[in-house]
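Reviewing the structure listed below.
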Amino acid sequence: MSAEFPVARPRRLRRNAPLRRMVAGTRLHPAELILPMFVKEGIAEPAPVGSMPGVVQHTRESLRKAAHDAAEAGVGGVILFGIPAVKDGRGSGADDPEGIVQLALNDLRSEVGDALVVMSDTCLDEYTDHGHCGILTETGEVDNDLTLERYAAAAVAQARAGSQVIAPSGMMDGQVGAIRAALDADGHAEIPILGYSVKYASAFYGPFRDAAECAPQFGDRSAYQQDPAGPVGEALREVRLDLAEGADAVMVKPALAYLDILRQVRDLVDVPVAAYQVSGEYAMVEAAAANGWIDRDRVIMESLIAIRRAGADLILTYWATEVARRLG
Ligand code: PBG
């Protein structure tokens, strides 16, 4: 062995594109991508979301078209958020059979239900006039157990409307168990629950609150969502609890700032793990790219690869259709 030249030459496997392609350990597939979509009641045209260039609040009609495009690109699923015309203290739109999300779920099931998975986010914040994820007490706190009853009703309404996966995102204790029991009792034992198990009180949700018109009118979500500086064990505990309550898959959210947590969750569980590349992650890339500061397409792929490598089996991303096309 010569001391003069290195024996190990990792560069041998990076020399050209076919070699790099063959040895790449992390791959993305369109079926693993889930597209979050917004549908708004009472608008005649899709309404662009200012802080999320390229994302719109859909009409029922434009939603069908966009879901069709996603299916055609091979996207694995869509997850629906509804914005009702009228909001109230109990979030009545969440479980109204004629509510916008229920009507749109029905549309999507018939339009694309055989080609991809039609999922629904189950929460109250898009439907309450105060913007919090649950029912408030007189002192303005979110009442955990009263809220569970509302989540259960919303989940049942979504299941009846055709949702194929229920995804509770409100971070109430016991939400998966309450929803599982309600779904079973209403004859939906076959419908899986994707728990937003690990969800941080994140500033990266800012643009979403424009898209879903759900910014809290007072206070913030720190009393129910997790503290970004909180103990790592808390995240794992949330996951264990959700599994014990019957979650079929779990989620970590946001994605890029919590890849360490994502890896630990992946190593802990034997169910599919999803990661949500949230609105702020999307907006930052779009804004920097619009300024010509970064290579948009490469940054998108690199961020998704990082999320995949950290352990995500499924990735929720607003770029799902575009990326699926690129992969296709
Ligand atoms: C709550 C919910 C939120 C997001 C998904 N579900 C907002 C929040 O918790 O404040 C955020 C998604 C994103 O930022 O892209 N229903």
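For segment 89-115 and segment 15-85, what is the centre-to-centre distance using only Cα atoms, to the nearest Å?
Segment 89-115 and segment 15-85 have Cα centres spaced 18 Å from each other.
Starting with the fewest neighbours, write out 169, 62, 110 ranked by other beta-carbon atoms found within 10 Å of each beta-carbon.
110, 62, 169
³J(HN,Hα) across segment 248-253 via Karplus (A = 6.51, B = -1.76, C = 1.60, θ = phi - 60°), whole Hz, x for Gly/Pro?
For segment 248-253, the Karplus curve yields 9, 7, 10, 10, 10, 8 Hz.
Can you list the HN-Hα couplings for segment 182-193, worked out from phi with the Karplus curve (6.51, -1.76, 1.60; θ = phi - 60°), rounded to whole Hz and with x for Gly and Pro?
5, 5, 4, 5, 9, x, 10, 4, 7, 7, x, 10
Round to the nearest 10 and give me the degree value, 0 to 90, for the angle of helix 279-290's Cα axis relative to the longest principal axis of the chain.
Between helix and principal axis, roughly 50 degrees.
Along segment 197-208, what does the Karplus equation 6.51 cos²θ - 1.76 cosθ + 1.60 (θ = phi - 60°) give for ³J(HN,Hα), rounded to whole Hz, x for Gly and Pro?
Coupling constants for segment 197-208: 6, 10, 9, 8, 6, 10, 6, 6, 8, x, x, 4 Hz.
What's the exposure ranking of 29, 132, going from fewest to most Cβ atoms within 10 Å?
Ordered by Cβ neighbours within 10 Å, fewest first: 29, 132.
Could you pull out every residue, at least 5 positions away or on a different chain, whose amide H is within less than 5 Å of the one on residue 117? Hs are placed 1.01 Å off N in the peptide plane, and Pro or chain starts have none.
77, 78
What does the helix-only formula give at 222 nm for the chain: each DSSP H stretch with n ≥ 4 adding -39500 (n - 2.57), the total divided by the residues, and the result rounded to the nearest 500 deg cm²/dmol?
So the helix-based figure for the chain works out to -11500 deg cm²/dmol.
Quick check: net charge around residue 263, other residues with Cβ under 14 Å of its Cβ, Lys/Arg +1 and Asp/Glu -1?
0
Putting +1 on Lys and Arg Cβ atoms and -1 on Asp and Glu Cβ atoms, find which of 285, 17, 135 reaches farthest to the positive end of the dipole of the chain.
Going by the Cα projections, it comes out as 17.
At 7 Å along Cα-to-Cβ for each site, give me the label-to-label distance between residue 294 and residue 21 in nm.
2.7 nm
With point charges of +1 on the Cβ of Lys and Arg and -1 on the Cβ of Asp and Glu, referenced to the Cα centre of segment 29-327, which listed residue (43, 179, 275) lies farthest in the positive direction of the dipole?
275
Just to be sure I understand: with springs between alpha-carbon atoms less than 10 Å apart, which residue in 213, 141, 238 has the highest mean-square fluctuation in the Gaussian network model of the chain?
Greatest mean-square fluctuation among the candidates belongs to 141.
Going by how many other beta carbons lie within 10 Å of each one, how would you line up 227, 248, fewest first?
Fewest-to-most ranking of 227, 248: 227, 248.
How much net charge surrounds residue 65 when only other residues with a Cβ under 11 Å from its Cβ are counted (Lys, Arg +1; Asp, Glu -1)?
Here the count lands on -3.
Specify whether the C-alpha gyration tensor of segment 1-87 places it in the rounded, prolate or oblate class, a ≥ b ≥ c being the square roots of the eigenvalues: rounded for a/c under 1.5, otherwise prolate if a/b is larger than b/c and oblate if not.
prolate
Would you grab the residues whose amide H sits under 5 Å from the one on residue 57? Only those 5+ places off in sequence or on another chain, please, with H modelled 1.01 Å from N.
Answer set, sorted by chain and number: 47, 49.
Hey, could you pull the Cα Rg and Dmax for segment 29-327, both in Å?
Cα radius of gyration and Dmax of segment 29-327 are 17.6, 54 Å respectively.
With +1 on each Lys and Arg Cβ and -1 on each Asp and Glu Cβ, how big is the dipole of segment 5-68 about its Cα centre, in debye rounded to the nearest 20?
The calculated dipole for segment 5-68 is roughly 900 debye.
Let me spell out the model: positive unit charges on the Cβ of Lys and Arg, negative unit charges on the Cβ of Asp and Glu, origin at the Cα centre of the chain. What dipole size does that give, in debye rounded to 20?
With Lys and Arg at +1 and Asp and Glu at -1, about 2140 debye.
Computed from the coordinates by the stated procedures, all read-outs in this text should not be read as laboratory data. This is a predicted model, so every value here is computed, not measured. All Cβ positions, glycine included, derive from the backbone under ideal geometry; neighbour counts span all protein chains shown.
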